[in-house]
Amino acid sequence: MAIMSSRLIRHEICKDELRQMGARVISIQGVVYWVKFELQGIEISYAYHIIEDNTYYLERIKPYFMNIGHYTYEEEIVDVIRIDVDQFKNAMRSSNFDHFIEVDGHISKLVRIFEDLFMYYNIDKADLARLDASVDGVLEDIKDIMKHSTRVYTMKDPEVLKENIEF
């Protein structure tokens, strides 16, 4: 008879919670898990995997990729996904949601383009400084927009976006 550890039991309970939230949870060889939601025709999906120190690494895969974080307990994964899905439900009410996804896609592609530039070409310090100044300008735009926009999600505070944020 197989005996399940308390860690495995807790993980099964967490997977059940995700399913109760409407997710489809797919296990890949017991170390990588895909969590998929369908919200108003848009897929919201995550991947988390158990790393060698028995902690978890969580990423959002769709509608756009984002590293979300590193967590010690399975319950933290469920809590973070619950809040993230709730935020997406709220954001999807905006008439600008599709445009937001498009802009985010552009920003993600820009990161890859920048990496290719650096990996394939010898970039002059002055050119790198020019690009850095452009990125600082985008950050200032984001902070200005935050200041004059109405906050619509208040169940938790932003983890990264702050008035005094700097690179």
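The values are calculated or read from the model by the stated rules, or taken from the named source; none is laboratory data. Quantities reported herein were computed from a predicted structural model and do not represent experimental measurements. Here the Cβ positions follow ideal geometry from the backbone for every residue, glycine too, while neighbour counts run over all protein chains shown.
Points to keep in mind about this one:
- Flag set for Leu110, criterion: in a helix (DSSP H, G or I) and at pLDDT 90 or above.
- Test: residue in the stretch 140-148 that is among the β-branched types (Val, Ile, Thr) and under 19 Å from the mean Cα position of the chain (by Cα): yes
- Considering Ile61, Ile81, Ile13, the condition of being part of a helix (DSSP H, G or I), β-branched (Val, Ile, Thr) and more than 22 Å from Met155 (Cα to Cα) is satisfied by Ile13 alone.
- Residue count for the stretch 133-160, restricted to those that are more than 27 Å from Asp84 (Cβ to Cβ) and in contact (Cβ under 8 Å) with a residue 12 or more places away in the chain: 1.
- Close contacts from the stretch 16-40, counting a first residue that is within 12 Å of Ile81 (Cα to Cα) and of a type in the set (Asp, Glu) and a second that is outside any strand (DSSP E or B) and modelled with pLDDT of 90 or more, with Cβ to Cβ under 8 Å and a gap of 6+ residues or different chains, come to Glu17/Val78.
- Single match in His70, His99 (criterion: surrounded by fewer than 15 Cβ atoms within 10 Å (Cβ to Cβ), free of Cβ contacts under 8 Å to residues at least 40 places away in the same chain and in a helix (DSSP H, G or I)): His99
- Residues in the stretch 89-138 that are closer than 30 Å to Glu17 by Cα, touching a helix residue (DSSP H, G or I) at 6+ places or on another chain (Cβ under 9 Å) and of a type in the set (A, V, I, L, M, F, W, C): 3 in all.
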